[in-house]
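The values are calculated or read from the model by the stated rules, or taken from the named source; none is laboratory data. Since this is a predicted model, take the numbers as computed values, not measurements. Here Cβ is always computed from backbone atoms with ideal geometry, including for glycine, and neighbour counts include all displayed protein chains. We work out accessible area using only protein heavy atoms, side chains counted, and drop any ligands, DNA or RNA first. Shrake-Rupley method; radii C 1.70, N 1.55, O 1.52, S 1.80 Å.
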Amino acid sequence: MDNKEVGRMNNEWQYHLVKGISWLVCRLPYKLILLIGASLGPVYGLIAKKQKLRGIKNIKIGMNMNDQEAEQLIDKLFKNLGRSVMEVLYMPNLTKSFIDEHIEMRGVEYLEEAIAEDKGVIVLTGHVGNWEWMGAAMAAHGYPSTTIVKKQPNAQFTRLMNEYREMVGLDVFASGGNEIVSAAKALKKKKLLGFLADQDGYINGLPVPFLGQDSSAVIGPATFAKKFGSPVVPIFASRKPEGGHIVHILPALHYVDTGDEDVDMYRLTEECVRVTEEFIKEHPDEWLWFQHRWMTKMDQIIDYDKKVAARERAHEKQ
């Protein structure tokens, strides 16, 4: 047996192990899995020391907190993260009746108004709350939803997650390659196209400060809004203290064509960043502060000077 075959067998073993754990979790009451998750999350915080220190640093800057306040917040985050991991394993139990009981939808009128524009809808969201359950709730309420996701380092976890996403009614496209073409086709069919747009925008992003630090912002939502004229609807999830979630649907943002494409792209991208930032500040113990959101340095951004000039023009016109 060669190394390739051994690797394939190991991958299959990992996949079936996680799926088996998920099967066991699904046999437990929902309240119990939340308690288990809240207990296991801090254990991960003890193991993931680098992530914890990175999160504390970012919290201190973004929330203007001292060391003690930041540590208390990151501890709450790890508890919520543990709950979310257990809830992801629980996803096969997300029937329509379960969703109706545990997930509250607020601001649906904003989404209906955006759908009525008949140009498809771009959903702006982020790694806050349980975004996987948010997507399930959207699909369960009859909104044809697609999502663009990054492949995870563990291919077997990606495989399982995509199975569960499709199980609850989401169409899944991986970022990059032909999947983007498929996503564009979905938008043309007037479906909802979701972007987890709180990540680093890398060298192709726009220089938009985020939570107190220079950052490269993702341009995906603005790019699709410009191309298809679709409204961008911010939708985020937050956790209820007693269990379950709230899906917050906010007023739509739009690409406004003023004839200066660079300014128009910057303006909408900045609006997306600001509404995301505001929601995170309202629910700071539910956002992944330790992610590499500020990894790209400003001098690494392509056409940085040109983009800064567009930023200045955008601010002059406000």
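Just a yes or no: is a residue in region 137-156 part of a helix (DSSP H, G or I) and either modelled with pLDDT of 95 or more or under 22 Å from VAL275 (Cβ atoms) (or both)?
Yes; the residues of region 137-156 include at least one that is part of a helix (DSSP H, G or I) and either modelled with pLDDT of 95 or more or under 22 Å from VAL275 (Cβ atoms) (or both).
For region 157-203, name all the residues that are modelled with pLDDT of 85 or more, in a loop (DSSP other than H, G, I, E, B) and under 15 Å from the mean Cα position of the chain (by Cα).
Correct list: ALA197, ASP198, GLN199, GLY201.
Can you name every residue in region 268-318 that is part of a helix (DSSP H, G or I), of a type in the set (S, T, N, Q) and buried (at least 19 other Cβ atoms within 10 Å of the Cβ)?
Matches in region 268-318: THR269, THR276.
Residues being open to solvent by less than 60 Å² (accessible area, probe 1.4 Å) and either out of contact with any strand residue (DSSP E or B) (no Cβ under 7 Å at 6 or more places or on another chain) or free of Cβ contacts under 8 Å to residues at least 40 places away in the same chain (or both): count how many of those fall in region 184-207.
Count: 3.
Matching residues to (1) closer than 30 Å to LEU268 by Cβ; (2) of a type outside the set (Val, Ile, Thr):
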position: MET86; (1), (2): no, yes
position: GLU113; (1), (2): yes, yes
position: ASP118; (1), (2): yes, yes
position: ILE122; (1), (2): yes, no
position: ALA140; (1), (2): yes, yes
position: SER145; (1), (2): yes, yes
position: TYR164; (1), (2): no, yes
position: PHE173; (1), (2): yes, yes
